[in-house]
Amino acid sequence: QVQLVESGGGSVQPGGSLTLSCTVSRGKYTVESMGWYRQNPGNQRELVATISVDGIFSTADGVKGRFTISREYAKNTVYLRMNSLKPEDTATYYCNAVLRWGKNDREYWGQGTQVNVSS
């Protein structure tokens, strides 16, 4: 079965940095895209950043210039480098992956890793 394992969350002060990692378990698939979403109580889950197999990436307006997404496809891993963190970045961050099995694409989610930004 496919599992997405996230790590790197924690508590930091405003202006601090964190790097999140997400690794997808091995299987008979190819990675079409991977990305990060976030959600906090009372809000809907929102896109943070995504990156495709060919390196095309997209980041949300609220994190542009502060967050950077990257990937190591050989390791089935995606990273999210978060700099200049703000209190409003506090959320549970979820890894997302679209995997291709034969001719079919399937979407998978991690369980989430908590990021807290406060002084």
| remark: Filtering the range 63-77 down to residues that are open to solvent by 50 Å² or more (accessible area, probe 1.4 Å), outside any strand (DSSP E or B) and modelled with pLDDT under 95 yields Tyr73, Ala74, Lys75
| query | Could you list, in sequence order, the residues of the range 53-87 that are without any contact (Cβ under 8 Å) to a residue 24 or more places away in the chain, touching a helix residue (DSSP H, G or I) at 6+ places or on another chain (Cβ under 9 Å) and closer than 13 Å to Ser17 by Cα? | reply | Arg66, Phe67
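If a residue has to be on the phi > 0 side of the Ramachandran plot and small (Gly, Ala, Ser) to count, how many in the range 72-90 make the cut? Talk me through it step by step, then tell me what you get.
Residues of the range 72-90 on the phi > 0 side of the Ramachandran plot: 76, 84.
Of the ones still in play, those that are also small (Gly, Ala, Ser) are 84.
Number of matching residues: 1.
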| query | Assuming Ser33 fulfils every condition listed in (1) assigned to a strand (DSSP E or B); (2) farther than 21 Å from Glu107 by Cβ apart from one, which condition is it? | reply | (2)
| field | Among the residues listed as Gln13, Gln44, the single one being touching a residue at least 40 places away in the same chain (Cβ under 8 Å) and either within 20 Å of Glu88 (Cβ to Cβ) or in contact with a helix residue (DSSP H, G or I) (Cβ under 8 Å, 6 or more places away or on another chain) (or both) | value | Gln13
| Residue in the range 62-119 that is farthest from the chain's Cα centre (by Cα), counting only those that are over 26 Å from Gly15 (Cα atoms) and among the charged types (D, E, K, R) | Lys103
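Collect the residues in the range 101-115 that are open to solvent by less than 80 Å² (accessible area, probe 1.4 Å), assigned to a strand (DSSP E or B) and modelled with pLDDT of 95 or more, keeping them in residue-number order. Please lay out each step first, then the result.
To start, the set of residues in the range 101-115 that are open to solvent by less than 80 Å² (accessible area, probe 1.4 Å) comprises 101-102, 108, 110, 112-115.
Then keep just the ones that are assigned to a strand (DSSP E or B); that gives 101, 108, 113-115.
Correct list: Tyr108, Thr113, Gln114, Val115.
Listed here are the residues, each with its yes/no results for (1) open to solvent by less than 40 Å² (accessible area, probe 1.4 Å); (2) farther than 11 Å from Ala97 by Cβ.
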{"site": "Ser11", "(1), (2)": "no, yes"}
{"site": "Leu20", "(1), (2)": "yes, yes"}
{"site": "Gly35", "(1), (2)": "yes, no"}
{"site": "Thr50", "(1), (2)": "yes, no"}
{"site": "Ile56", "(1), (2)": "no, yes"}
| note | Taking the range 67-119 and keeping residues closer than 23 Å to Gln3 by Cα and of a type in the set (Asp, Glu) leaves Glu72, Asp105, Glu107
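The values are calculated or read from the model by the stated rules, or taken from the named source; none is laboratory data. The structure displayed is predicted, hence computed values, not measured ones. Positions of Cβ are generated from backbone atoms using ideal geometry, with glycine treated the same way; all protein chains shown enter the neighbour counts. Accessible surface is based on the protein model in full, side chains and every heavy atom, while ligands, DNA and RNA are left aside. Shrake-Rupley method; radii C 1.70, N 1.55, O 1.52, S 1.80 Å.
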